[in-house]
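Below: one structure, written as structure tokens.
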Amino acid sequence: MKSYRIPALLDTCRGKLGAKLLIMMEKLETTCCIAGGGPAGMMLGLLLARAGIRVIVLEKHADFLRDFRGDTIHPSTLEVLYELGLLDAFLELPHQKTYQLGAYIEDTEIPFADFSHLPVRCKFIAFIPQWDFLNFLAREGRRYPTFDLRMQCAAFDLVEESGRVAGVQVKTPDGRLEIRADLVVAADGRSSILRERAGLAVQNQGAPMDVLWFSLPRRAGDPEQSMGRFAAQQLFVLIQRGDYWQCGYVIAKGAMAEIRVRGIEAFRAGIAAIAPFLGDRVEVLRDWKDISLLSVRVDRLKQWYREGLLCIGDAAHAMSPVGGVGINLAIQDAVAAANQIAGPLRLGKLGVDHLRRVQRRRELPTRLTQGLQVAVQNRIISRVLQAGEKLKPPPVLRLFARFPILRRIPARLIGMGFRPEHVAAR
């Protein structure tokens, strides 16, 4: 169909149908196209737009509102926001601050992480719904003319030319769209379609657990701080979210079917047993529709890139929920990527070596973090879930209780991670 026939065709196809046909014919070009509007994708989009680079961020949903996405913003991420000049605006959003982390082992309280000594401006973890954080990044990104966020746009395939990735195919409410780009970034999560289409090999690190997510009302007299509670064959995490608790009930991998057979009443009784102060409100869990299953997995790509394509965040390395560090690893990936690729992208000289440098920069922190997570999963969580008698605090945790200075070590690992990144000057 020749271009001069398009207006005549649209005249005959009135209204919405005509608009759909036009969009289906549309092809866009940009410098960088980011698939996935999660923390990694949104932060990278903001950083590249700040550097004057044309960027399109694709988010497959109509909004960011999803239950039980990670909502821990650690000191390392807060430091990035400070370096961007956005910290004060971020802290105006409703959030809760946690300065220490602790756990109850049976009836014994064990403090094990104290963030008050970290060498950063914000010596706390900020708990904020992830959708508020993503909306905040979107608002800041739109301040730059080169930032284009497209909702309800799902990248489903790659465009390849002569062995390199040259763009993406996108599903939109109005049809299909092709976006050509100098660089495609896969930030589309642990079930990344683009890394699958690229044929990148995934190395599975294993996970012995899944997590049941739900919320329960928080009332006057409840504890102030977020916490973990350990008992024989039970592990329960509570995150203080103001007027409610975001709850994570850890189960053995694949045990959901057996738990459902026992019934919702037995599940509610288990919650009341490990956290008695919640016993007067577990009835809000009426049926299994009120509970979401997170299938935990820990994996990483052997190679994070191909010519014209880079994977970051969960698309490059799915993290365990241990430590709640997934968002912050994703943000660190985005900062490192922007530092490495912004200049070459702006000059039109981006090559495979620049993408390789991103992986080299972030691979060791990823491996070390996943190694710690897997060790905790296998040596602590698995044993708790299989315990046949009342738990006793292990000697190392008793040391944390006795010597407060030791609490700085897990605080550093959780709050800052390995090799925290810093925003490069423009």
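The values are calculated or read from the model by the stated rules, or taken from the named source; none is laboratory data. It should be emphasised that the depicted structure is a prediction, and the values quoted were computed from it without experimental measurement. In this analysis, Cβ positions are derived from the backbone assuming ideal geometry, glycine residues included, and neighbour counts consider all displayed protein chains. Just the protein is used for accessible areas: all its heavy atoms, side chains included, with ligands, DNA and RNA removed. Shrake-Rupley method; radii C 1.70, N 1.55, O 1.52, S 1.80 Å.
Tabulated results
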quantity	calculated
Residues of region 384-397 satisfying the condition of being over 22 Å from Leu118 (Cα atoms) and exposed (fewer than 14 other Cβ atoms within 10 Å of the Cβ)	Gln386, Gly388, Glu389, Lys390, Lys392, Pro394, Pro395
Residue count, region 101-122 (criterion: open to solvent by less than 50 Å² (accessible area, probe 1.4 Å), outside any loop (DSSP other than H, G, I, E, B) and out of contact with any Leu (no Cβ under 6 Å at 6 or more places or on another chain))	6
Residue list for region 73-129, filter: within 21 Å of Leu406 (Cβ to Cβ) and among the aromatic types (Phe, Trp, Tyr)	Tyr99, Tyr104, Phe112, Phe115, Phe124
Pairs, first farther than 16 Å from Ala318 by Cβ and open to solvent by less than 30 Å² (accessible area, probe 1.4 Å) in region 367-381, second in a helix (DSSP H, G or I) and of a type in the set (Gly, Ala, Ser), C-beta under 8 Å, six or more apart	none
Count of residues meeting criterion [at pLDDT below 90 and in a helix (DSSP H, G or I)] in region 400-426	3
Some residue of region 403-415 being of a type in the set (Phe, Trp, Tyr) and buried (at least 17 other Cβ atoms within 10 Å of the Cβ)	no
Every residue from region 222-234 that is among the aliphatic types (A, V, I, L, M), over 22 Å from the mean Cα position of the chain (by Cα) and part of a strand (DSSP E or B)	Ala231
Residues being under 21 Å from the mean Cα position of the chain (by Cα) and among the aromatic types (Phe, Trp, Tyr) - total across region 245-267	2
Per-region count, region 123-139, residues crowded, with 21+ Cβ neighbours inside 10 Å and under 15 Å from Leu47 (Cα atoms)	2
Conditions (1) touching a helix residue (DSSP H, G or I) at 6+ places or on another chain (Cβ under 8 Å); (2) at pLDDT 95 or above; (3) aliphatic (A, V, I, L, M); (4) under 30 Å from Lys253 (Cα atoms); number of the one not met by Leu137	(4)
Residue selected from region 187-218 under the condition among the β-branched types (Val, Ile, Thr) and either open to solvent by 50 Å² or more (accessible area, probe 1.4 Å) or free of Cβ contacts under 8 Å to residues at least 40 places away in the same chain (or both), by the criterion farthest from Val376 (Cα to Cα)	Ile193
Tabulated pairs, region 398-426, first more than 12 Å from Phe115 (Cα to Cα) and in contact (Cβ under 8 Å) with a residue 24 or more places away in the chain, second open to solvent by less than 50 Å² (accessible area, probe 1.4 Å) and part of a loop (DSSP other than H, G, I, E, B), C-beta under 7 angstrom, 6+ apart or interchain	Gly417/Val325; Val423/Leu84; Arg426/Ala51
Contacts under 7 angstrom Cβ, first residue in region 264-284 being without any contact (Cβ under 8 Å) to a residue 60 or more places away in the chain and within 17 Å of Asp107 (Cα to Cα), partner in a helix (DSSP H, G or I) and not aromatic (Phe, Trp, Tyr), 6 or more apart	Ile271/Leu278; Ile271/Val282; Ala272/Leu278; Ala272/Val282; Gly279/Ala272
Ala257 being surrounded by 12 or more Cβ atoms within 10 Å (Cβ to Cβ) and not in a strand (DSSP E or B)	no
Test: residue in region 95-102 that is under 16 Å from Asn328 (Cβ atoms) and of a type in the set (Ser, Thr, Tyr)	yes
Subset of region 156-186 (residues that are outside any strand (DSSP E or B), in contact (Cβ under 8 Å) with a residue 40 or more places away in the chain and either among the small types (Gly, Ala, Ser) or under 25 Å from Met43 (Cβ atoms) (or both))	Gly163
Any helices (runs of 4 or more DSSP H) falling wholly within region 29-93 and containing at least 2 residues that are farther than 17 Å from Ile327 by Cα, open to solvent by 10 Å² or more (accessible area, probe 1.4 Å) and free of Cβ contacts under 8 Å to residues at least 60 places away in the same chain	87-91
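Table: residues versus (1) farther than 30 Å from Ala166 by Cβ; (2) small (Gly, Ala, Ser); (3) at pLDDT 95 or above; (4) part of a loop (DSSP other than H, G, I, E, B).
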{"site": "Val237", "(1), (2), (3), (4)": "yes, no, no, no"}
{"site": "Trp245", "(1), (2), (3), (4)": "yes, no, no, no"}
{"site": "Gly248", "(1), (2), (3), (4)": "yes, yes, no, no"}
{"site": "Arg268", "(1), (2), (3), (4)": "yes, no, yes, no"}
{"site": "Asp280", "(1), (2), (3), (4)": "yes, no, no, yes"}
{"site": "Leu293", "(1), (2), (3), (4)": "yes, no, no, no"}
{"site": "Leu310", "(1), (2), (3), (4)": "no, no, yes, no"}
{"site": "Asp314", "(1), (2), (3), (4)": "no, no, yes, no"}
